[in-house]
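Nothing in this text is a laboratory measurement; each read-out follows from the coordinates by a stated rule. All figures in this text were calculated on a predicted structure; none of them were measured in a lab. Quick reminder, even Gly has a Cβ in these numbers, built from the backbone with ideal geometry, and neighbours come from all protein chains shown.
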Amino acid sequence: MDIDDIQNRRLFLRNLGVLGGGILAATSPWLSIFADVKDTSGERLKLGVIGPGSRGRFLMKFLAKNKKVDIVAIADIYQPSIDEALEIVPTAKVYKDYRRLLADKNIQAVLVATPLNTHFQIVMDAMDAGKHVYCEKTIGYDMDQCKRMYDKHLSTGVVFFTGQQRLFDPRYIKAMQMVHDGVFGEITKVRAWWNRNNDWRREVPEPRLEKFINWRLYKASSKGLMTELACHQLQVGTWALGKLPEKVMGHGSINYWKDGREVYDNISTLYIFNDGRKMEWGSDIANKFYGLEEQILGSVGTVEPERGKYFFEEIAPQPAFLQMIREWQQDIFSDSMFAGTSWMAETAKPNHGEYILGKKPDADGSSLLTEAFVEAAITGRQPAGIAEEGYYASILCLWGHEAISRGEALDFPKEYCIDYDVYGTSEYKTDLA
């Protein structure tokens, strides 16, 4: 990294107001990979990509632009994905068996972006081979797999990143600093949703490839909306509240897309914390009107980090003339008087809020996340909190899926707690055996 890169990153952190060690450590300690970055100019990380499908290629485009990365190999069993990946990195060596890629001792790190049910064995093999690992979320197909992967990371000492890009998204970093500084008062609730209006299907060239290409729709390879979408947003809630919930309940159904899929197209979950606060998460993929968002609700304000805005409960008073006109319009055109004054007081007031970063957001944190992984893999230094946040995000969504599947309210499974001060689970020591 040259001196300009170092200065740009320090400016990035300073503009967010998180360059100071105390706030950085409390809110986003993983950013230390940028704040205290070593001079790694002239270094080239030899990277292999296992699973260059749509998500894999999306990340490859960032990595291919990084002067410190050389994508030397790709592994996949689907030729169309290989062909499209070679358009990004024409010189990459191609493997049909990922184990042959791992056997290449020149490869230092791997990006794993394969279907969910294949993550576990690939990541375990990669860590055993001494490779640093970036694994797309959710990291494992079940909670036991996630725990074993995390333990393997600790026992091998390799760098372990997960695809939680919000951890490196400037909107979210700044929003969490404001939340933890008490700008919005006491946080009382988190609401999150991710809605779409499409069938989530991909074109299949021949019927025998249906479950291979549309793996997200079938129980043997996917946990559906919980593992593909909720994993991102549940982590935002625990990041804001600084703790893990103690109970979860939920319900899922196939309401609209009755096309042979096995995973739900409509989900609602409720996570309950030991102090009574709650985190709601839901998804409906037959209506996109409200899109996706996380709402962090405080006693004096609300922040919506995906939208990149925050709102205070009390709005600055309108100019007297406009206030008079609007009151006059209300007297003539509104029937609210019949509902009584209590109804008036509870009606949401127009509030356009302010942008967290002073402007409309134009990107997420994927680029910075991949850049951080490269720095960590080159230096061999694991940033604080990255593996733990990714681990617990995976546990939360899989735990929620289990509650939905069993139709029960479930307590947090203490056997999957790890040693992590941020969420107060340090009394539960990880068994490395």
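What is the fewest-to-most order of Leu368, Leu47 by other Cβ atoms lying within 10 Å of their Cβ?
By the 10 Å Cβ count, ascending: Leu368, Leu47.
With a point put 7 Å past each Cα toward its Cβ, work out how far Arg100 is from Lys288 in nm, to one decimal.
If labels sit at Arg100 and Lys288, their model points lie 4.0 nm apart.
What is the spin-label model distance, in nm, from Asp39 to Glu186 if the labels are put 7 Å beyond Cα along the C-beta direction?
Taking the two extended label points, one gets 5.2 nm.
Across region 397-404, in residue order, what do the Karplus-derived ³J(HN,Hα) couplings come to in whole Hz, using 6.51 cos²θ - 1.76 cosθ + 1.60 with θ = phi - 60° and x for Gly and Pro?
6, 5, 4, x, 4, 5, 4, 5
If you plug each phi of region 103-110 into the Karplus form 6.51 cos²θ - 1.76 cosθ + 1.60 with θ = phi - 60°, what whole-Hz ³J(HN,Hα) values come out, in order, with x for Gly and Pro?
Going residue by residue, I get 6, 6, 6, 6, 7, 9, 8, 9 Hz, with x marking Gly and Pro.
So between Gln79 and Glu313, what do we pick up on full extension, going 0.36 nm a residue minus the alpha carbon distance?
Computed gain between Gln79 and Glu313 is 78.8 nm.
When the Cα atoms of region 140-270 are enclosed in a convex hull and the volume is divided per residue, what value in Å³ results?
Residue-normalised Cα hull volume stands at 172 Å³.
Amide H to amide H under 5 Å from Lys189: which residues, 5+ apart in sequence or cross-chain, H placed 1.01 Å off N in plane?
Leu297
Return P(r) of region 144-199 (all Cα-Cα pairs; 10 Å bins starting at 0; whole %; ordered from short to long distances).
Bin by bin from 0 Å, the calculated values are 16, 27, 30, 26, 1.
Between region 201-271 and region 43-87, how far is it from one alpha carbon centroid to the other, in angstrom?
Between the Cα centre of region 201-271 and that of region 43-87, the gap is 26 Å.
Residues with beta-carbon under 15 Å from that of Glu203, excluding Glu203: net charge, scoring Lys, Arg +1 and Asp, Glu -1?
Local charge sum for Glu203: 0.
Hey, any idea what Rg/Rh is for region 197-254, computing Rh the Kirkwood way over Cα pairs?
Rounded to two decimals, Rg/Rh equals 1.11.
Is region 30-177 rounded, prolate or oblate when judged by the Cα gyration tensor, a ≥ b ≥ c being the square roots of its eigenvalues, rounded requiring a/c under 1.5 and prolate requiring a/b larger than b/c?
It comes out rounded by the Cα gyration axes.
If you wrap a convex hull around the Cα atoms of region 36-88, how much volume per residue is inside, in Å³?
Hull volume over Cα atoms, normalised by residue count, gives 80 Å³.
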